[in-house]
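Chemist: Below you will find the structure I want to go over with you.
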Amino acid sequence: MGFWKEFKEFAVKGNAVDMAVGIVIGAAFTKIVNSLVNDIIMPALGMLIGRVDFKNLQVVLREAYTTDTGQEMAAVAIRYGMLVNTVIEFLIVALAIFVVIKIMNRVIQGRPAPAKTL
């Protein structure tokens with residue numbers, strides 16, 4: 001079988017199209033989750049904790065400085081606040097996927113079994 005014919009059969013199969021749709025929806029869902037975490041959850045959580053902006057939480061290992069030649073050297077820091085944001089984003093996505101899979105399993109179990117053909 002030729003390469004192009006094999007590729008055409010793969011690309012036209014329902015699974016490949018379903019996968020492509022899933023990827024596009026997943027990318028859009030990621031933007032929604034990022035906005036939810038960064039614009040709603042983290043500011044509210046920061047206010048509850050004591051007016052903390054999680055994006056700015058960091059441990060500075062070396063302060064910014066200027067060398068003898070006048071070159072600006074950036075600070076070196078461990079930005080653990082961004083890690084907190086990312087972990088919360090992950091948990092929201094994992095929860096959403098869990099709920100969708102659980103609903104799909106209920107729908108699939110509720111369907112009548114297909115008739116067997118010999």
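No lab work stands behind these numbers, since they all come straight from the coordinates. Remember, predicted model here, so these are calculated numbers, not experimental data. Heads up, the Cβs are rebuilt from the backbone with ideal geometry, glycines too, and the neighbour counts pull from every protein chain shown.
Chemist: Hey, what angle do you get for helix 80-110 against the long axis of the chain, alpha-carbon based, 0 to 90 degrees rounded to 10?
Modeler: 10 degrees
Chemist: Can I ask one more? Quick one: Debye curve from the C-alpha atoms of segment 61-111, no solvent, what's log10 I(q)/I(0) at q = 0.22, 0.23 Å⁻¹?
Modeler: The Cα Debye sum returns log10 ratios of -0.83, -0.85.
Chemist: List residues of segment 85-106, by number, whose backbone nitrogen lies under 12 Å from a label position 7 Å along Cα→C-beta of F29.
Modeler: 92-104
Chemist: What size of dipole, in debye to the nearest 20, comes out for the chain about its Cα centre when the only charges are +1 on Lys and Arg C-beta atoms and -1 on Asp and Glu C-beta atoms? Don't skip to the end; give the middle numbers.
Modeler: Values: 12 positive and 9 negative charges, 169 e Å.
Here the chain has a charge dipole of around 820 debye.
Chemist: Using helices alone, what [θ] at 222 nm do you get for the chain, with -39,500 (n - 2.57) per DSSP H run of 4 or more residues, divided over all residues and rounded to the nearest 500?
Modeler: Values: 4 runs with 71 residues, N = 118.
Only helices count here, giving -20500 deg cm²/dmol.
Chemist: For a protection proxy built on the mean count of beta-carbon atoms within 10 angstrom, sort 57-64, 100-107 highest first, please. It would help to have the intermediate numbers written out before the result.
Modeler: On the way: 57-64: 11.2, 100-107: 9.8.
Going by the mean number of other Cβ atoms within 10 Å, highest first, we get 57-64, 100-107.
Chemist: While we're on this one: Between W4 and L83, what is 0.36 nm times their sequence separation minus the Cα-Cα distance? Round to one decimal in nm. Show your work: numbers first, answer last.
Modeler: Numbers: separation 79, 0.36 × 79 = 28.44 nm, distance 4.44 nm.
Between W4 and L83, full extension yields 24.0 nm more.
Chemist: Which one, N85, Q58, V100, projects farthest toward the positive side of the charge dipole computed for the chain from Cβ point charges (K/R +1, D/E -1)?
Modeler: Of the options given, the answer is V100.
Chemist: Still on this structure, please answer the following. Between A77 and residues 5 or more places away or on another chain, which pairs have amide H atoms under 5 Å apart, with H built 1.01 Å from N, and which residues are they?
Modeler: Answer set, sorted by chain and number: L61.
Chemist: With +1 on each Lys and Arg Cβ and -1 on each Asp and Glu Cβ, and nothing else charged, work out how big the dipole of segment 19-81 is about its Cα centre, in Debye to the nearest 20.
Modeler: For this selection, approximately 260 debye.
Chemist: As a test of understanding, state the convex hull volume per residue of segment 25-84 from its alpha carbons, in Å³. Please report the intermediate quantities before stating the final value.
Modeler: Values: hull volume 6.9 nm³, N = 60.
Per-residue hull volume (Cα only) is 115 Å³.
Chemist: Continuing with the same structure: How big is the shadow of the Cα convex hull of the chain, averaged over all directions, in nm²? Numbers along the way, then the final one.
Modeler: On the way: hull surface 65.5 nm².
One quarter of the hull surface, i.e. the mean projection, equals 16.4 nm².
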